[in-house]
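> Quick one: the structure is below, and I'll ask about it shortly.
The values are calculated or read from the model by the stated rules, or taken from the named source; none is laboratory data. Quick caveat, the model's predicted, so the values are computed rather than measured. In this analysis, Cβ positions are derived from the backbone assuming ideal geometry, glycine residues included, and neighbour counts consider all displayed protein chains. Heavy atoms of the whole protein, side chains included, go into the accessibility calculation; ligands, DNA and RNA do not. Shrake-Rupley method; radii C 1.70, N 1.55, O 1.52, S 1.80 Å.
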Amino acid sequence: MNEFAPSALGTKEHWDAVYSRELKSFQDFGDEGEIWFGEGSMARVVRWLKAQSIPSTSSILDIGTGNGILLVELAKCGYSDLTGIDYCMDAVELARSICEKEGVSQNVHLEVTDFLVAFHPSEKFDICLDKGTFDAVSLDPSGSEEKRRSYIESLCRVLKPQGLFIITSCNWTREELLNQFGDEFEITDELPTPTFNFGGQSGKSVTALVFKKKSDS
């Protein structure tokens, strides 16, 4: 199993500072902030959901929603039962402001909460999305292995049986993600991501997988 060197990218303090700056930038200049892994990674997820004819009424959770741009795009595509959570208060305030600006607030519920310990929704979700949050958890200096286990436990708790989990990662390969999630989930698809060639070898800097929760997990 891959182990990563601890990093500030895995701490709440880092993300609090990031979203404090991004919120102020939005308030001062209307800048919506960074899209993690770029617009292409977001578009791939939205495109896959539409291609699979996922019902627009499906309940969708965005884990670590940040500025909420993915939820905005989903709402514009007709999805109406959207939830975004983040443990940074300024991230949720930024996401709320952007949703209001884009006119999609009525379809998006936003909540400040820690997915690993404090999130207990009244109903389970059809689909959970992660674009970089599991990566950040994996870099936490204060016990990343335990927090990865907590993440998977929380995911199993909030996702319906046979529910879908779509994860985009720049830290984990396909095989490593299968190793992390394979006990409770089965892979159903891999989203196309850009490849690179170096020294005669090809690889990917981003991995995007679709998992289905096993009925007995």
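> What tally of residues in region 13-50 results from selecting those that are surrounded by fewer than 17 Cβ atoms within 10 Å (Cβ to Cβ), among the charged types (D, E, K, R) and at pLDDT 90 or above?
The qualifying residues number 5.
> Right, here's the next one. So, of the residues in region 98-150 that are open to solvent by less than 30 Å² (accessible area, probe 1.4 Å) and in contact with an Asp or Glu (Cβ under 6 Å, 6 or more places away or on another chain), which turns out to be farthest from residue 211 (Cα to Cα)?
Looking at residues that are open to solvent by less than 30 Å² (accessible area, probe 1.4 Å) and in contact with an Asp or Glu (Cβ under 6 Å, 6 or more places away or on another chain), I get 98.
> Just to be sure I understand the filter: pairs with C-beta atoms under 8 Å, separated by 6 or more residues or on different chains, first member in region 99-115 and more than 29 Å from residue 150 (Cα to Cα), second member charged (D, E, K, R) and surrounded by 14 or more Cβ atoms within 10 Å (Cβ to Cβ). Which pairs pass?
105/96
> Something else: Within region 78-97, which residues are more than 14 Å from the chain's Cα centre (by Cα) and open to solvent by 50 Å² or more (accessible area, probe 1.4 Å)?
Hits for region 78-97 are 80, 81, 89, 93, 96.
> In region 175-184, is there at least one residue being more than 22 Å from residue 208 (Cβ to Cβ) and either exposed (fewer than 15 other Cβ atoms within 10 Å of the Cβ) or among the charged types (D, E, K, R) (or both)?
Keep residues of region 175-184 that are more than 22 Å from residue 208 (Cβ to Cβ), which gives none.
Checked region 175-184: no residue is more than 22 Å from residue 208 (Cβ to Cβ) and either exposed (fewer than 15 other Cβ atoms within 10 Å of the Cβ) or among the charged types (D, E, K, R) (or both).
> Also, quick follow-up: In region 185-205, what residues are open to solvent by less than 50 Å² (accessible area, probe 1.4 Å) and at pLDDT 90 or above? Give the derivation first.
Of the residues in region 185-205, the ones open to solvent by less than 50 Å² (accessible area, probe 1.4 Å) are 185, 191, 193, 203.
Those that are open to solvent by less than 50 Å² (accessible area, probe 1.4 Å) and at pLDDT 90 or above: 185, 191.
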